[in-house]
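Report on the following structure.
The values are calculated or read from the model by the stated rules, or taken from the named source; none is laboratory data. A quick note: this is a predicted structure, and the numbers were derived from the prediction, not measured. Don't worry about glycine lacking a Cβ; one is built from the backbone with ideal geometry, like all the others, and counts go over all protein chains shown. Ligands, DNA and RNA are excluded from the accessible area calculation, which covers all protein heavy atoms including side chains. Shrake-Rupley method; radii C 1.70, N 1.55, O 1.52, S 1.80 Å.
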Amino acid sequence: MYGFVNNGNVLGFGTFDELASKKNASLQLKIRGKNISEKYGLIYEGNNLYGKSISRDADVNAIIHNIVATGGEVYEVLQQNWSLEQLYFKYIKGTVGGVTL
């Protein structure tokens, strides 16, 4: 069990999977390539690297297919779970005045 606290306020408490599901943070997709449109929800992180939160394996296939079909170049794809630290900061980022958004 984990608990996330910020300024004395409990932001979340539960197992890693429970906390991740509340923030839609089950998996991260990282794609390195060129000419990739951000219209697929990918966020440019610099150095030809794009990232996106995904919920299932099938999302990867659809995203890669769309990138290639629209002329994008894909050099590397990595799917990874969130770390506890990344999840914590996702909870912190989602707070305003101590209230979780």
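Give me a count of the residues in the stretch 8-42 that are assigned to a loop (DSSP other than H, G, I, E, B), of a type in the set (Val, Ile, Thr) and loosely packed, with under 15 Cβ neighbours inside 10 Å.
Here the count works out to 1.
Suppose we keep only residues that are part of a strand (DSSP E or B) and not aromatic (Phe, Trp, Tyr) within the stretch 43-56. Which one would you say is most open to solvent (accessible area, probe 1.4 Å)?
The qualifying residue most open to solvent (accessible area, probe 1.4 Å) is ILE43.
What pairs come out if I take residues in the stretch 1-16 that are small (Gly, Ala, Ser) and pair them with residues that are open to solvent by 60 Å² or more (accessible area, probe 1.4 Å) and assigned to a strand (DSSP E or B) whose C-beta lies under 6 Å away, six or more apart or interchain?
GLY3/PHE13
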